[in-house]
């Protein structure tokens, strides 16, 4: 609470000094020491960050290298035994034989490097963090010195202003006496802490330099030791197996020569091609054939219906080469209801027409006695709604990107449809748009 009160009392003077309304004292000697101290703080923080980055990078290097060797060993051994790679490709004998040795070498190297990284943490990072703790204490003292300087300036400005006043009242005389006492206290406190800081900061800067210099040399030799261990271990592994005197450019050229046409062969495989979703296939077909109403994907005839002419005509466009994309399978036929009977054909010999209606003789005479009523006026055709809906008869699960899945009973808005129910239609459900088989739904 006391610190908050002092901060409130210092605020008017701090604001006034920034806008030039209040006088602010300056000590060039201390300002120079403070700039040097701020630079030392920033460089120490950079040293800590870079040391951590180096340790993390070395750890990641050997972890990734060990995993790399392990995966190569896992990949090559089943292939080598199953397809007889050594017999078919004798030029790859070195790779197949040395992959296990490479994995062992990297595992041993990672185990050997781990203690060196621990030394960096204990002998470099830990002492520098202790130095940062001391520097935080000094920074607090610099902040306290700034507060004492503000008190000194504000009491000095108030006292000077009151002394320069020509006509003083009784209250002014009382305030003058109090300000003189406050100014004397503020002067003593400021001069004490300012003198102590000007005396101790140069000594600290010298000691900090002497402290960091051996840490820097230790860190350098630890790095050098890690590099030597890495070089020695890899040279032992490569001795008699690989020529380590060639340049990276020569290694790249040799790799390109040995690779041959294998990369082009892999690129030509349909397995490596990007799968095109159903919606994109529909859009591509419509862009190429603007007169076509839809991009048909005739499913199997699930309801005992033969595909329509529109469905048959669009079937050919669904056959896509394996080199460019993959052909989407027709949707599964909808499940037949349990216990349902097969639908009857349009003409069945077992069906007989109902007997004609024969009115009685009395009815005929009564109808003849009366005049026939005028025919009713024709009904106006109801306007067709702009939005059409269908109801799902079965559950449908999406087979690819762009398909619209739904559950039995869902009400689907139809965006685009064909005259045949054996085609794929475009619809919207719950904000999702996609294509679905027309034989899975009926008009709402």
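Summary table
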item	result
Largest to smallest principal axis extent of the C-alpha atoms in segment 84-144, angstrom	80, 20, 12
Ranked packing of 86-99, 239-252, most packed first, by mean Cβ within 10 Å	86-99, 239-252
Cα shape, segment 99-214, gyration tensor, a/c 1.5 rule	prolate
Reduced Cα scattering model of segment 2-245, Debye log10 I(q)/I(0), q = 0.10, 0.13, 0.14 Å⁻¹	-0.71, -0.93, -1.00
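Where a number appears in this text, it was derived from the coordinates with a stated rule and is not lab data. As the structure is a prediction and not an experimental result, all values here were calculated from the model. Cβ sites come from the backbone with ideal geometry, for glycine too, and all protein chains shown count toward neighbours.
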